[in-house]
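Below you'll find the structure, written out as C-alpha cells, and then a few comments.
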Amino acid sequence: MYKEFRPSVLLQRYVDAYWVSAHAGATVRALRILPDSCADIIFHTGGGMLAGDGLVIGTMTVYNDVIALPGAALLGIRFKPGGLSAYCRLPMAALTDQRYTLRDLSLRQFYMLQERLAGLTDLALQLRCVEEWLLAYLPDVHPDTQRVWAALSALRAAEGKCTIPTLAQAVYMSPRSFERVFLREVGVSAKEMGGIFRFLAAKRLLKDPAGGTLLEIALAAGYYDHAHFTKAFRRYAGQSPSERR
C-alpha cells in the first residue's frame, strides 16, 4: 500500500507531499526508487520502531534498489528541492545519493518529531502531528534561497531546458554565485537538476499512449538524439526507454 497526501498551503513551498507505505505481505519485496528531484525524511511507524532509525535521503541522481520487509510501515516527508535545507541548514551536497539516520546528522528537532510519532497509531493523527511540527518550525528564508527557488520553478516549468546564464540572469545573480547557492541549497548543480527534470518529462511522455515514437519523445524532452536519450534515461532509471515503456 502506498498513498500520498498534500501539505497545507503554508508548507507547499517546502514540502511536495507526505507519503505512507506499508508492506503487509509475508515475503520480502524489491522496489526500485527513481530520482524525483526531492529529498526525504522517513520515519518507521510499524514493524518495531527503534529510537534513532529515522532516515534522511538526499537528492538522488541515480536509481536505488531497496527491499521492503514484511510488516514494514513508513511515513515520509518529501521535501521539494531546497525545502529540507531551509529546515535543517545542512550541506545538501553531502547528502546527495546518500542516506543517513537522524542521529548521524544530529537532527534533534526531527528526532523529537520521531518520538512523538512513536506514540501514535492512527494515520490521521500522525499526519496532523507532522503538519503541526513543520508549521511550528517554519523557517525564515534568505533572499538568495528565494532566488534559487524562483530559478527552480522556471527550470521545472521548462522541463530542464534552460541554460545556467539564463536562470542566473532571471534571478539577478551572477552565474558563479547562482551555481554556488544552488548547490548549497539543493545538493546538486543546476545542470544536474535540469537533467532530472528532463528525465521526469520523458518518463511522463513514455506513459502517454499518444507520446509518439522514442525519437519524438527524446526530442520533445530536450535530448539531442535517441542515443543521448537512452544513455541519460538508463542512468536515472536503470533501464532503457524502450524497456520502461
Do you know the relative contact order of the range 163-245, to the nearest whole percent, from alpha carbon pairs under 8 angstrom that are 6+ apart?
19
For the pair GLU4/ARG89, report the inter-label distance in nm, with labels modelled 7 Å from Cα in the Cβ direction.
3.1
Over the alpha carbons of the range 191-232, what is the largest minus smallest coordinate on each principal axis, giving the biggest first in Å?
29, 18, 13
Mean separation of Cα contacts under 8 Å (6+ apart) over length of the range 2-136, as relative contact order %
28
Cβ-based exposure ranking for HIS23, HIS142, HIS44, in which fewest neighbours within 10 Å come first:
HIS142, HIS44, HIS23
R0 = 22 Å: FRET efficiency of ARG180 with HIS142, Cβ-based, nearest 0.05?
0.95
If one computes P(r) from the Cα atoms of the range 42-145, what percent of pairs lie at distances over 19 Å?
46
Semi-axes a, b, c in Å (a largest) for the range 158-206, each sqrt of 5 times a Cα gyration tensor eigenvalue, come to 22, 12, 6
The size of the Cβ-based charge dipole (Lys, Arg +1; Asp, Glu -1) of the chain about the Cα centre, to the nearest 20 debye, is 400
Which residue fluctuates the most in the chain, going by a Gaussian network model with Cα springs under 10 Å, if the choices are VAL148, VAL66, VAL186?
VAL66
Angle check, please: helix 175-186 long axis (alpha carbons) against the longest principal axis of the chain (alpha carbons), in degrees 0 to 90, nearest 10.
30
With springs only between Cα atoms under 10 Å apart, run a GNM on the chain and tell me which of ASP144, ASP208, ASP53 wobbles the most.
ASP208
At a Förster distance of 25 Å, what's the computed FRET efficiency of ALA24 paired with ILE67, Cβ-Cβ distance as r, to 0.05?
0.95
Stokes-Einstein D for the range 143-244 at 25 °C, 0.890 mPa s, Kirkwood Rh over Cα pairs, in µm²/s?
173
What is the angle, in °, between the Cα long axis of helix 108-118 and the longest principal axis of the Cα atoms in the chain? Nearest 10 is fine, range 0 to 90.
60
Relative contact order for the chain: what is it in percent, counting Cα pairs under 8 Å that are at least 6 residues apart?
19
Cross-link partners of LYS3 among aspartates and glutamates (Cα-Cα below 19 Å; sequence separation of 8 or more within a chain)
ASP16, ASP36, ASP40, ASP122, GLU131
Mind jotting down a quarter of the surface of the convex hull over the alpha carbons of the chain, in square nanometres, one decimal?
13.8
Suppose only helical runs count, i.e. DSSP H with n ≥ 4. What mean residue ellipticity at 222 nm does that imply for the chain under -39500 (n - 2.57) per run, divided by all residues and rounded to the nearest 500 deg cm²/dmol?
-13000 deg cm²/dmol
Based only on other Cβ atoms within 10 Å, what is the fewest-to-most ordering of GLU131, GLU185?
GLU131, GLU185
Which one, ALA72, ALA118, ALA227, has the greatest fluctuation when you compute a Gaussian network model over the chain with C-alpha springs under 10 angstrom?
ALA227
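We did not get these values from a lab; they are worked out from the coordinates using the rules stated. As the structure is a prediction and not an experimental result, all values here were calculated from the model. Positions of Cβ are backbone-derived with ideal geometry, glycine not excepted, and every protein chain shown enters the neighbour counts.
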